[in-house]
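I have placed the structure first, in the form of structure tokens, so that the comments after it can refer back to it.
Each value in this text was obtained by applying a stated rule to the coordinates, not by laboratory testing. Model, not experiment: these values are computed from the prediction. Ideal geometry is used to build each Cβ from the backbone, glycine not excepted, and the neighbour counts take in all protein chains shown.
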């Protein structure tokens, strides 16, 4: 519940400051380049979150610890079990 | 450490995400502060595309996930054929009325769990 509350707070704060700044409701005189950076900001945050997710997944895939001995042993056990069951009459 | 194709795919994903992130950051954050006559503006599309392209890509992704269907299950001889076929049909019926993201995600997780 805590994490959800934190995310909702963050979204609420962003969701109120960004429209307020882009529509000029606060009456601030922002420089043109600052406005140019401001209006695509939600899309930018979404894209960077997506890139972060993709990068983390890729990194975890690349550094995942394989257990090759255990994999080979498991495969041979599967073959044994299939042969045994086939001998007892179960059709695959 | 992971071996072979796992490493290649993983590092490829990392590289792709870094490339997309740096290009997009340069496009959205850095470009407005660079003089409009500079040559670097030649390498970037007009600014409106910085929002339009991710939005279109996100929509396509949502539609694709919502439309994904479970693979055809092979009942085999052990189970009763009708039981598994009924489960499969129920899943397909669940998916049909709500072409939204949630059933697609649910089906994907079910497919992953049943393998």
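For the reader, a short list of remarks on this structure follows.
- Nearest 10 degrees, 0 to 90: helix A:2-22 Cα axis against chain A principal axis: 40
- In nm, spacing of pseudo-spin labels at residue A:75 and residue B:11 (7 Å Cα→C-beta vector): 2.4
- Counts of other chain beta carbons within 10 angstrom of each beta carbon in peptide A:42-53 average 5.
- Remark: mean inter-chain Cβ contacts per residue of B:25-37 equal 3, using a 10 Å Cβ-Cβ cutoff to other protein chain atoms.
- For residue A:17 and residue B:3, a Förster radius of 41 Å and the Cβ-Cβ distance give a FRET efficiency of 0.30, rounded to the nearest 0.05.
- FRET efficiency, residue A:68 to residue B:18 (Cβ-Cβ, R0 22 Å, nearest 0.05): 0.15
- Degrees, to the nearest 10: A:68-87 long Cα axis against longest axis of chain A: 50
- Label-point separation, residue B:26 to residue A:30 (7 Å along Cα→Cβ), nm: 2.5
- Rg and Dmax [Cα atoms of chain A; Å; Rg one decimal, Dmax integer]: 27.4, 83
- Per-pair calculated FRET efficiency, R0 = 45 Å: residue B:37 and residue A:52 via Cβ, rounded to 0.05: 0.85
- Taking the centroid of alpha carbons for each part, the range A:60-92 and the range B:9-39 are 45 Å apart.
- Counting, for every residue in B:42-53, the Cβ atoms of other protein chains within 10 Å of its Cβ and taking the mean gives 2.
- In this rough spin-label picture, where each label sits 7 Å from Cα along the Cβ direction, the residue A:87-residue A:1 distance is 5.9 nm.
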